[in-house]
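Student: So that we are looking at the same thing, I have put the structure below in structure tokens.
The values are calculated or read from the model by the stated rules, or taken from the named source; none is laboratory data. All values derive from a computational prediction rather than experimental measurement. Because the Cβ atoms are built from the backbone with ideal geometry, glycine has one as well, and the counts that use them run over all protein chains shown.
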Amino acid sequence: MFSYAEYRNVITLVKQNLPIMDFSEVSDEVNSFCVLRHDIEFSIDRALEMARIEHEDLNVHSTYTVQLRNNTYNALSQKNIESIQEIESMGHYIGLHQNPPMMEDEELIDYILKDIETLEHYYGFEVDRFAFHRCGSNPTLLEKYVEVPNKINCYGEDFFHYFSGDRPEELRVHYLADSNHEWKYGHPFHVDYWDLPQKMQLLTHPFSWSDDGYNNISNFTKLIQERNKELLDSMNSETKTFPKELLL
């Protein structure tokens, strides 16, 4: 359950049935694809590990979206800047992951672009895509298929089929996600890959995945331990008076 071994098997199965492509490669002429996306919620360290597995073991490139405003990690710390730069250097793509407040469309576009400009300034490369966070609290963000000039919306019509209520009999795109540590829309192992259309977006959250694989409570327990260690190490590096007996 949510182990890196399982993830390797998931991607291997997908590759046997659908061509894995980048969002930028999808067009009206493409009839079959799977785009891979990873939303970084709590741990850039785990995102980096997943990126290495994809690069070294699976030979696939995917999109990692970063939150600029997140209380659990600093996207602009030197350590995390270097981690994101390493992810990008492997051939993966970096996007903005954003939970915007309620605002008019023009304000929203400006809000997205300003955050992207900030990431670009500190990361040193172009950020050409974005994906909204916690859309359940503002589903109009999905319903409108927000368009931003020269940027890819990972929830755009080519990659996502929005619906409210009962699932339509025919979907333009299959959307599978491990949100909240469960596959609410179906596990990739159980998909009928010959069910048309043969188009899929596969979203995972790196914080859910690890070497051993855990259930939800055990995963959060382990994640908290990892994040606490980073906090303590950071505090220790900032002052000579930090009590060494508190280090994990």
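Student: So which of Lys199, Lys240, Lys184 ends up being touching a Cys at 6+ places or on another chain (Cβ under 9 Å) and not in a helix (DSSP H, G or I)?
Tutor: None of the other options fit; the residue is Lys199.
Student: Test Glu29 against the stated conditions and say whether it is free of Cβ contacts under 8 Å to residues at least 12 places away in the same chain and within 27 Å of Val146 (Cβ to Cβ).
Tutor: Here the answer is yes, as Glu29 does meet what is asked.
Student: Ok, one more. Report, by residue number, each residue of the range 202-214 that is part of a strand (DSSP E or B) and within 15 Å of the chain's Cα centre (by Cα).
Tutor: Leu202, Leu203, Thr204
Student: Something else now. Which of the residues spanning the range 162-200 are modelled with pLDDT under 85 and under 26 Å from Leu113 (Cβ atoms)?
Tutor: Answer for the range 162-200, where residues must be modelled with pLDDT under 85 and under 26 Å from Leu113 (Cβ atoms): just Tyr162.
Student: Taking the condition assigned by TED's automatic domain parsing to the domain that holds Gly124 and within 23 Å of Leu119 (Cα to Cα), does Ile44 pass?
Tutor: Taking the combined requirement at face value, the residue satisfies it.
Student: How many residues does the range 3-24 hold that are within 23 Å of Phe160 (Cβ to Cβ) and either outside the structural domain of Glu182 (by TED's automatic domain parsing) or within 18 Å of the chain's Cα centre (by Cα) (or both)?
Tutor: The qualifying residues number 9.
Student: Condition first: in contact with a helix residue (DSSP H, G or I) (Cβ under 9 Å, 6 or more places away or on another chain), among the aliphatic types (A, V, I, L, M) and closer than 20 Å to Glu170 by Cα. Can you find one or more residues in the range 184-195 that meet it?
Tutor: Yes, the range 184-195 has at least one match.
Yes/no matrix, rows are residues, columns are (1) surrounded by fewer than 19 Cβ atoms within 10 Å (Cβ to Cβ); (2) part of a loop (DSSP other than H, G, I, E, B); (3) out of contact with any Asp or Glu (no Cβ under 9 Å at 6 or more places or on another chain); (4) outside the structural domain of Pro206 (by TED's automatic domain parsing):
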| residue | (1), (2), (3), (4) |
| --- | --- |
| Leu96 | no, no, no, no |
| Met102 | yes, yes, yes, no |
| Ile109 | yes, no, no, no |
| Ser164 | yes, yes, no, no |
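Student: Taking Glu169, is it out of contact with any Phe, Trp or Tyr (no Cβ under 7 Å at 6 or more places or on another chain), at negative phi and surrounded by fewer than 21 Cβ atoms within 10 Å (Cβ to Cβ)?
Tutor: Answer is yes for this residue.
Student: For the range 70-91, state whether one or more residues are in a helix (DSSP H, G or I) and more than 25 Å from Glu49 (Cβ to Cβ).
Tutor: no
Student: From the set of residues in the range 40-69 that are in contact with a His (Cβ under 6 Å, 6 or more places away or on another chain), of a type in the set (S, T, N, Q) and not in a strand (DSSP E or B), which is modelled with the lowest pLDDT?
Tutor: Once the filter is applied, the top-ranked residue is Gln67.
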